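One structure is given below, encoded as structure tokens.
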Amino acid sequence: MKKVTFIHAADLHLDSPMAGLKHLPSAIFKVLQESTFTAFTTIVDAAIFHAVDFVILAGDLFDGEDRSIRAQTRFRKEMQRLAEKGIPVFAVHGNHDHMEGQWVHMPMPQNVHVFSHEVEVFKHTAENGTSVHLYGFSYPKRHVVERMIDQYTRKNGADLHIGILHGQFEGNSDHDQYAPFRLKDLLGKDFDYWALGHIHKRESLNQQPPIIYPGNIQGRNRKETGAKGCYLVELGSSSAKLEFMEASAVLWNEEQIDASNAKSYHDLYVLCKRMLEDKRQNRKGTILNLVLNNVSLPDHEMKGIITGELLESLQEDETEEEPFVWISNLTVNENRMWDKEKLAHESDFFSELFKTADQFAEDSGCTLALYAHPLARRYLGNLSEGEKHKIAGEAEELLVNLLYKNH
């Protein structure tokens with residue numbers, strides 16, 4: 001049977017600046033700065049170990065349009081490693097590293113084929129004789145809103161056909177609408193595999209033929225949680241075997257602790273430490289958003305939590321640990337001392353407070369004051385519906401807990 005094996009990765013974002021994280025201890029921040037490079041090296045190691053026929057990189061190889069010399073140098077080094085093993089690389093540039101940017105050009109080894117700004121077809125023949133047509137394009141500019149999928153046309157003369165597309169699945173509102181497509185558009189092309197990029201969450205849109213978002217290779221903020229990596233694919237004309245391979249050097253996670261049995265500050269501290277040691281067993285650096293639920297301590301015990309002393313103590317213990325488990329954010333949900341419906345019925349003030357929180361969560365026209373600031377909103381991403389509900393709920397809980405004590 002005619003078949004090939006390849007690695008499909010996307011959204012490398014090499015040399016991502018890790019914005020907003022410079023406050024971290026220098027040793028931890030250095031690991032984060034290197035994490036995209038470390039993850040990519042792991043992927044290249046896997047390609048060599050499995051002796052794949054080729055590697056597909058489906059866009060946003062670099063984090064910025066200027067493509068720093070550091071990032072290009074490190075990328076070229078990995079391409080050279082693949083060249084020495086005779087492994088070709090087929091890559092497209094996406095909205096982050098589009099072709100209109102200004103950068104110092106560094107030549108790539110001969111094994112690297114970068115698709116042009118127009119949809120083109122490249123024919124590759126594997127050592128076993130299987131021929132493959134690969135279809136793709138690189139972004140000529142940052143904002144490509146055209147339906148580029150309409151320009152993909154199957155060309156006869158190959159055993160297998162693989163589409164490479166850095167774009168937006170219509171209906172997903174979490175990312176900008178670049179090179180949008182519908183599922184039926186891809187299925188209508190009669191390709192054997194679609195190697196997608198742009199969405200940082202791993203997702204399979206279809207099984208046969210496989211239509212795959214591998215996600216990015218390294219989480220860079222608390223929205224990009226869980227294992228990140230690439231897919232090892234064995235593809236035939238009527239079958240496909242996919243294996244996800246983790247590559248991320250640092251994990252971003254959220255952990256929730258039920259603190260209902262904690263009777264003192266020390267009990268709570270011990271619970272947190274036990275959880276941190278459990279997380280350390282994955283042998284990777286971890287950035288953690290920690291949520292403590294059902295906390296019920298006397299006011300004098302709560303003081304050490306509210307003032308941030310608990311968080312500082314847990315962070316201080318991690319500065320010398322390897323691998324580290326760093327708590328970036330600590331949320332405390334106290335045992336609710338109040339009944340929402342009862343409060344709303346008894347008090348006009350609380351009734352109005354709950355209505356305001358619900359309005360913010362449900363009304364797309366409502367937003368935080370920070371987003372109305374002309375400078376600030378340039379650097380802020382759009383809030384998803386889930387995030388708006390979470391912010392509204394946390395704000396409501398905090399305000400009512402504080403006000404109820406004096407009610």
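The values are calculated or read from the model by the stated rules, or taken from the named source; none is laboratory data. Keep in mind it's a predicted model, so treat the numbers as computed, not measured. Positions of Cβ are generated from backbone atoms using ideal geometry, with glycine treated the same way; all protein chains shown enter the neighbour counts.
Conditions tested, residue by residue: (1) among the hydroxyl-bearing types (Ser, Thr, Tyr); (2) under 22 Å from the mean Cα position of the chain (by Cα); (3) closer than 24 Å to Glu243 by Cβ.
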position: Ala19; (1), (2), (3): no, yes, no
position: Phe40; (1), (2), (3): no, yes, yes
position: Ile43; (1), (2), (3): no, yes, yes
position: Trp103; (1), (2), (3): no, no, no
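Scan segment 195-217 and tell me whether some residue there is farther than 18 Å from Leu57 by Cβ, assigned to a strand (DSSP E or B) and in contact with a Lys or Arg (Cβ under 9 Å, 6 or more places away or on another chain).
Within segment 195-217, none of the residues are farther than 18 Å from Leu57 by Cβ, assigned to a strand (DSSP E or B) and in contact with a Lys or Arg (Cβ under 9 Å, 6 or more places away or on another chain).
Counting only residues that are surrounded by fewer than 17 Cβ atoms within 10 Å (Cβ to Cβ) and of a type in the set (Gly, Ala, Ser), how many does segment 225-268 have?
Total meeting the criteria: 8.
When you scan segment 92-112, do you find a residue that is β-branched (Val, Ile, Thr), touching a Gly at 6+ places or on another chain (Cβ under 8 Å) and surrounded by 15 or more Cβ atoms within 10 Å (Cβ to Cβ), even just one? Working first, answer last.
Here is the first cut: in segment 92-112, the ones β-branched (Val, Ile, Thr) are 92, 104, 112.
Adding the requirement that they be touching a Gly at 6+ places or on another chain (Cβ under 8 Å) leaves 92.
Restricting the remaining residues to those that are surrounded by 15 or more Cβ atoms within 10 Å (Cβ to Cβ) gives 92.
Yes, segment 92-112 contains at least one residue that is β-branched (Val, Ile, Thr), touching a Gly at 6+ places or on another chain (Cβ under 8 Å) and surrounded by 15 or more Cβ atoms within 10 Å (Cβ to Cβ).
Return yes when Phe75 is under 25 Å from Arg154 (Cα atoms), among the hydrophobic types (A, V, I, L, M, F, W, C) and crowded, with 21+ Cβ neighbours inside 10 Å and no when it is not.
Here the answer is no, as Phe75 does not meet what is asked.
What single numbered condition from (1) at negative phi; (2) modelled with pLDDT of 95 or more fails to hold for Val145?
(2)
Need the failing condition index for Ala83 against (1) within 23 Å of Lys3 (Cα to Cα); (2) crowded, with 20+ Cβ neighbours inside 10 Å, just the number.
The failed condition is (2).
Would you check if Glu127 is within 26 Å of Gly229 (Cβ to Cβ), part of a loop (DSSP other than H, G, I, E, B), touching a residue at least 24 places away in the same chain (Cβ under 8 Å) and not hydrophobic (A, V, I, L, M, F, W, C)?
Judged against the criteria, Glu127 is a match.
Conditions: (1) closer than 20 Å to Ser264 by Cα; (2) part of a loop (DSSP other than H, G, I, E, B). Glu322 meets all but one. Number of the miss?
The single condition Glu322 does not satisfy is (1).
Quick check: anything in segment 70-77 under 30 Å from Phe324 (Cβ atoms), touching a helix residue (DSSP H, G or I) at 6+ places or on another chain (Cβ under 7 Å), part of a helix (DSSP H, G or I) and in contact (Cβ under 8 Å) with a residue 40 or more places away in the chain? Quick ask: steps written out before the conclusion?
In the first step, residues of segment 70-77 are kept if they are under 30 Å from Phe324 (Cβ atoms); the result is 70-75, 77.
Remaining after also requiring touching a helix residue (DSSP H, G or I) at 6+ places or on another chain (Cβ under 7 Å): 74.
Filter once more, keeping what is part of a helix (DSSP H, G or I): 74.
Narrowing further to those that are in contact (Cβ under 8 Å) with a residue 40 or more places away in the chain: 74.
The answer is yes, given that some residue of segment 70-77 is under 30 Å from Phe324 (Cβ atoms), touching a helix residue (DSSP H, G or I) at 6+ places or on another chain (Cβ under 7 Å), part of a helix (DSSP H, G or I) and in contact (Cβ under 8 Å) with a residue 40 or more places away in the chain.
So if I check each of Phe62, Phe29, Phe49, which one is in contact with a strand residue (DSSP E or B) (Cβ under 8 Å, 6 or more places away or on another chain) and assigned by TED's automatic domain parsing to the domain that holds Pro109?
Phe62
Inspect segment 42-55 for any residue being touching a residue at least 24 places away in the same chain (Cβ under 8 Å), hydrophobic (A, V, I, L, M, F, W, C), surrounded by fewer than 16 Cβ atoms within 10 Å (Cβ to Cβ) and assigned to a loop (DSSP other than H, G, I, E, B) and give the result as yes or no.
yes
Among the candidates Asp66, Asp150, single out the residue that is part of a helix (DSSP H, G or I), charged (D, E, K, R) and without any contact (Cβ under 8 Å) to a residue 60 or more places away in the chain.
Sole residue among the options that is part of a helix (DSSP H, G or I), charged (D, E, K, R) and without any contact (Cβ under 8 Å) to a residue 60 or more places away in the chain: Asp150.
From Glu309, Glu362, which residue is surrounded by fewer than 14 Cβ atoms within 10 Å (Cβ to Cβ), modelled with pLDDT of 75 or more and either among the hydroxyl-bearing types (Ser, Thr, Tyr) or within 32 Å of the chain's Cα centre (by Cα) (or both)?
Glu309
Given the conditions (1) at pLDDT 95 or above; (2) surrounded by fewer than 18 Cβ atoms within 10 Å (Cβ to Cβ), which single one is not true for Gln281?
For Gln281, the exception is condition (1).
Which of the residues belonging to segment 113-124 are crowded, with 16+ Cβ neighbours inside 10 Å and part of a loop (DSSP other than H, G, I, E, B)?
Once the filter is applied, which keeps residues that are crowded, with 16+ Cβ neighbours inside 10 Å and part of a loop (DSSP other than H, G, I, E, B), segment 113-124 yields Phe115, His117, Val119.
Checking Ser237 against (1) closer than 30 Å to Thr130 by Cβ; (2) modelled with pLDDT of 95 or more, only one condition comes out false. Which one?
Of (1) closer than 30 Å to Thr130 by Cβ; (2) modelled with pLDDT of 95 or more, only one is false for Ser237: (2).
Search segment 202-213 for residues that are closer than 16 Å to Leu232 by Cβ and without any contact (Cβ under 8 Å) to a residue 60 or more places away in the chain and pair each with any residue that is in a strand (DSSP E or B) and of a type in the set (Phe, Trp, Tyr) when their beta-carbon atoms are under 9 Å apart and the residues are at least 6 apart or on different chains.
From residues that are closer than 16 Å to Leu232 by Cβ and without any contact (Cβ under 8 Å) to a residue 60 or more places away in the chain, the pairs are Arg202/Tyr213; Arg202/Tyr231; Arg202/Phe244; Ser204/Tyr213; Pro210/Tyr193; Pro210/Trp194; Pro210/Tyr231.
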